[in-house]
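For reference, the structure discussed in these notes is given below.
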């Protein structure tokens, strides 16, 4: 309840502050209102190198993951120095503003409410980003992007098709979005060495998964006191995941899946059965009893505690984690397995992200939008994003058939890899022109683990792939805070309640969603996806 009051208070402060503050330079008071800086002037120059600024200063959000090597911080290091070296050439000074990764959403809301946000901020939550624009808190970027001579590097790298995903029905470009080189999202990962020790086969159905997790607990292959058979980071809210797809009914029809995917608990009875499955795992001790507060899922896997998890495709070949795991447990082997068979039709359903990644927005408090967009344009260039991600030729890599091949992985990990993805905002997971180039580059970063990369991406393409749409309906955006609070409070209750209380808790959950406006959201999503 305290968390709900906090979220609602922040939302109220944000709405009040944007109304009282009015529209600043270059801002818009809401969707459809495209008042521009300097009236109808469209003469802004936002392609890096084509305009000399007069000591313009901009600030940029950066995640603080507390992983900086000794002698550096996320805001003070050689790569931030490199950014300023290049931006100073056109008269722009860049200041990084650290935001703790675990607090990024709350922190951003507080900064926006108090008009203290950096000039460039970002979020993975489209509803939140669009809501800021609708309330007049962020700027319309049409005048800084759409001209033929504007942001040429950005438009070439991100592509107009991806850029247009941030336009509303009125044509307002309310933000920018990163391009995903690959849309592969999550895989199911299992400690294969545990399965082998128990003489079992890899699971293909929920029943086989349950049997495997029960065996992990009862037979404890590594004889640990703190074993966690199952760790899941995809169950905090009513979101779609590969494991959820195993139970969902709507997944069989792409239109119905798109309608339901925002909050499947409301319309898909199969999702209820997914939560019932998790409730069973929880009550039988096959999940971390405090999973909802566990921020160390990665550490649990690295330290050999966890036997099964659903995780990002890219995360299985984080080389630091694999090296640590193999140091502690010599024979440990984490393997990606294909999606389990759906309980309704026996088919396998994988999951994919939309073609865009995080959303980059510019608050109305930004004093030099032209310089901010010029910085994003530079990030989209070879001297910008490519260098920040790959480093410098002959120091960090050599080129082989156009692919950057790492020279010294250990050096790169300490020198640049810890920060590269947080600095490069215009692409996920890094600066690549194609999925093939991305896979080749990642596979060659550490030859010992190259097969992990190729296997993980091959597994991610198994079955019928359902893509999570980036579409946000008007009511979904307007009711974002209320719906989010309902999901946050009730998802955990459904998973952790006693089995006999489960059905009643589901009824409470759905009733709360109805009161938060989900009927309108479903109606709008039904109309939108039925017309496509």
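For region 474-489, state whether one or more residues are buried (at least 21 other Cβ atoms within 10 Å of the Cβ), within 30 Å of residue 373 (Cβ to Cβ) and either at pLDDT 90 or above or over 22 Å from the mean Cα position of the chain (by Cα) (or both). Yes, that holds for at least one residue. Scanning region 490-504 for residues that are surrounded by fewer than 16 Cβ atoms within 10 Å (Cβ to Cβ) and touching a residue at least 24 places away in the same chain (Cβ under 8 Å) gives 498, 499.
Could you look through region 283-297, keep only residues that are in a helix (DSSP H, G or I) and modelled with pLDDT under 95, and pick out the one that is farthest from residue 492 (Cα to Cα)?
Filtering region 283-297 down to residues in a helix (DSSP H, G or I) leaves 283, 291-293, 297.
Of the ones still in play, those that are also modelled with pLDDT under 95 are 291-293, 297.
Details: 291: 9, 292: 7, 293: 10, 297: 17 Å.
Out of the qualifying residues, it is 297.
Looking across region 461-473, the residues that are buried (at least 19 other Cβ atoms within 10 Å of the Cβ) and farther than 29 Å from residue 204 by Cα come down to 472, 473. If you go through region 104-154 and keep only what is under 20 Å from residue 421 (Cα atoms), in contact with a strand residue (DSSP E or B) (Cβ under 6 Å, 6 or more places away or on another chain) and at pLDDT 95 or above, you end up with 118, 119, 120, 121, 122.
Taking into account only those residues within region 339-351 that are part of a strand (DSSP E or B) and out of contact with any helix residue (DSSP H, G or I) (no Cβ under 8 Å at 6 or more places or on another chain), which is nearest to residue 462 (Cα to Cα)? Going through the qualifying residues, I end up with 348.
Read through the list (1) over 27 Å from the mean Cα position of the chain (by Cα); (2) under 25 Å from residue 156 (Cβ atoms); (3) modelled with pLDDT of 95 or more; (4) not assigned by TED's automatic domain parsing to the domain that holds residue 50, then give the number of the only condition that residue 400 fails. Residue 400 satisfies all of (1) over 27 Å from the mean Cα position of the chain (by Cα); (2) under 25 Å from residue 156 (Cβ atoms); (3) modelled with pLDDT of 95 or more; (4) not assigned by TED's automatic domain parsing to the domain that holds residue 50 except (3).
Within region 421-430, the set of residues being surrounded by fewer than 21 Cβ atoms within 10 Å (Cβ to Cβ) and either assigned to a helix (DSSP H, G or I) or assigned by TED's automatic domain parsing to the domain that holds residue 79 (or both) comprises 421, 422.
Each residue in region 511-528 was checked for being part of a helix (DSSP H, G or I), touching a helix residue (DSSP H, G or I) at 6+ places or on another chain (Cβ under 7 Å) and under 11 Å from residue 483 (Cα atoms), and 4 pass.
Can you find, within region 431-454, the residue that is modelled with the lowest pLDDT among those that are under 17 Å from residue 313 (Cβ atoms) and part of a loop (DSSP other than H, G, I, E, B)? Walk me through it before giving the result.
Let us first name the residues in region 431-454 that are under 17 Å from residue 313 (Cβ atoms), namely 432, 434-443, 445-446, 449-454.
Subsequent filtering for residues that are part of a loop (DSSP other than H, G, I, E, B) retains 432, 434, 446.
Working: 432: 95, 434: 93, 446: 72.
Going through the qualifying residues, I end up with 446.
Identify all residues within region 455-479 that are in a helix (DSSP H, G or I) and within 26 Å of residue 438 (Cβ to Cβ); write none if there are none. Matches in region 455-479: 455, 456, 457, 458, 459, 460.
Here is the figure for region 400-418: residues that are out of contact with any strand residue (DSSP E or B) (no Cβ under 8 Å at 6 or more places or on another chain) and outside any helix (DSSP H, G or I) total 6. Selection of region 166-210 for residues being in contact (Cβ under 8 Å) with a residue 60 or more places away in the chain, touching a helix residue (DSSP H, G or I) at 6+ places or on another chain (Cβ under 7 Å), over 30 Å from residue 120 (Cβ atoms) and surrounded by fewer than 22 Cβ atoms within 10 Å (Cβ to Cβ) yields 202, 203, 206. Candidates 410, 443, 458, 450: the one that is free of Cβ contacts under 8 Å to residues at least 12 places away in the same chain, touching a helix residue (DSSP H, G or I) at 6+ places or on another chain (Cβ under 8 Å), farther than 30 Å from residue 530 by Cα and surrounded by fewer than 18 Cβ atoms within 10 Å (Cβ to Cβ) is 450.
The values are calculated or read from the model by the stated rules, or taken from the named source; none is laboratory data. These numbers were taken from a predicted model, which means no experiment stands behind them. All Cβ positions, even for glycine, are placed from backbone atoms using ideal geometry, and neighbour counts span all protein chains on display.
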